[in-house]
Amino acid sequence: KADESAINSLKRIRGEFRYIGKLFEQNQNQKVQLQKSKQKAEESDRLKTAFLTNLSHEIRTPMNAILGFSELLDSNKISKDEEIEYRKIINESGKNLVSIIDDLVEMSKIDANQVEISQSNFNLEDCVEQVVHEIKKTIPKNNELEIKIEKSRNTIVKNITTDKEKLVKILTNLISNAVKF
């Protein structure tokens, strides 16, 4: 407050003191901007740290499954059915790991403003039904979970224009998370 008052006093004086007052004011504004930038950078750093912590956990889970079940396959004491099951788990864990890495690459592209949008026109209902159909295949048979699609009778929009691949990924993640949790 005292600095602000002194700066305002200098700015009211004619001549060089007015110029000095304006320089002090610019300096104060730059300090405020630097402080805001510093806070944003610190917050960004905290978010990236949290993201990397979560990511390392997400990567470890399928990697541990791959390594663990690969070791079990080396055992001579497993049945043919167990071997088939272990290979399925390894395969699914590998796909899960690739998906996580793809998500990481996509997030890096977003961070670097390198995301490419590929728009196309398609039927939204068909797209949602396809996503749900694919997710239903991943739900174990003994699970009592049921996924239903409720269609509005007053559907106005049938076809939309957007990036279908990204929309499918968003819908898949949302529904898969709902199934998991």
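Just reorder L47, L55 by solvent-accessible area, largest first, 1.4 Å probe, all chains present.
L47, L55
Rank T172, L104, S37 by how far each Cα sits towards the positive end of the charge dipole of the chain (+1 on Lys, Arg Cβ; -1 on Asp, Glu Cβ) and give me just the farthest.
Value computed over the given set: S37.
A 22 angstrom limit on the alpha carbon distance is what I want to check against. Which of K48/K109; K141/K180; K80/K136; K109/K164 exceed it?
Working: K48/K109 15 Å; K141/K180 15 Å; K80/K136 27 Å; K109/K164 18 Å.
In this structure, K80/K136 lie more than 22 Å apart at Cα.
Would you mind telling me the share, in percent, of accessible area of region 67-181 contributed by carbon and sulfur at probe 1.4 angstrom?
51 percent
Per residue of region 76-93, in order, report the coupling 6.51 cos²θ - 1.76 cosθ + 1.60 (Karplus, θ = phi - 60°) as ³J(HN,Hα) in whole Hz, putting x for Gly and Pro.
So the J values, rounded to whole Hz, are 7, 9, 10, 7, 4, 5, 5, 4, 4, 5, 5, 5, 5, 5, 4, 4, 5, 5.
Determine the dipole magnitude for the chain: charges of +1 sit on the beta-carbon of Lys and Arg, -1 on that of Asp and Glu, nothing else is charged, the reference point is the Cα centre, and the result goes in debye to the nearest 20.
Working: 30 positive and 29 negative charges, 238 e Å.
That gives the chain a dipole magnitude of about 1140 debye.
Pull up the cross-link candidates among the lysines for K31, meaning alpha carbon to alpha carbon under 20 Å and not fewer than 8 places away within one chain.
Result set, ordered by chain and number: K1, K11, K22, K40.
For D111, tell me the accessible area in Å² from a 1.4 Å probe, rounded to the nearest 10.
Approximately 110 Å² of D111 is accessible to the 1.4 Å probe.
Relative to the present Cα-Cα distance, how much length would full extension add between E82 and E129 at 0.36 nm per residue of separation? Mind showing how you got there, number by number?
Details: separation 47, 0.36 × 47 = 16.92 nm, distance 3.35 nm.
Here the segment from E82 to E129 would lengthen by 13.6 nm.
Which lysines have a Cα less than 26 Å from the Cα of K77, not counting those fewer than 8 places away in the same chain?
Straight-line reach from K77, under 26 Å: K88.
What translational diffusion coefficient, to the nearest whole µm²/s, does region 45-181 have by Stokes-Einstein, given a Kirkwood radius computed over alpha-carbon pairs, a temperature of 37 °C and 0.692 mPa s viscosity?
181 µm²/s
Express the accessible area of the chain per residue in Å², computed with a 1.4 Å probe while the remaining protein chains stay in the model.
On a per-residue basis, 83 Å².
Scan around I78 for amide H atoms under 5 Å from its own, H built in the peptide plane at 1.01 Å from N, and keep only partners 5 or more places away or cross-chain.
So I78 has HN proximity to no qualifying residue.
If each of K137 and K38 carries a label point 7 Å out from its Cα toward its Cβ, how far apart are those two points in nm?
Calculated label separation equals 5.5 nm.
Starting from 0.36 nm per residue, how many nanometres of slack lie between M63 and K31 once their C-alpha separation is accounted for?
Result: 6.8 nm gained on full extension.
The values are calculated or read from the model by the stated rules, or taken from the named source; none is laboratory data. Keep in mind it's a predicted model, so treat the numbers as computed, not measured. All Cβ positions, even for glycine, are placed from backbone atoms using ideal geometry, and neighbour counts span all protein chains on display. Areas reflect the complete protein model, heavy atoms only, side chains present, ligands, DNA and RNA absent. Shrake-Rupley method; radii C 1.70, N 1.55, O 1.52, S 1.80 Å.
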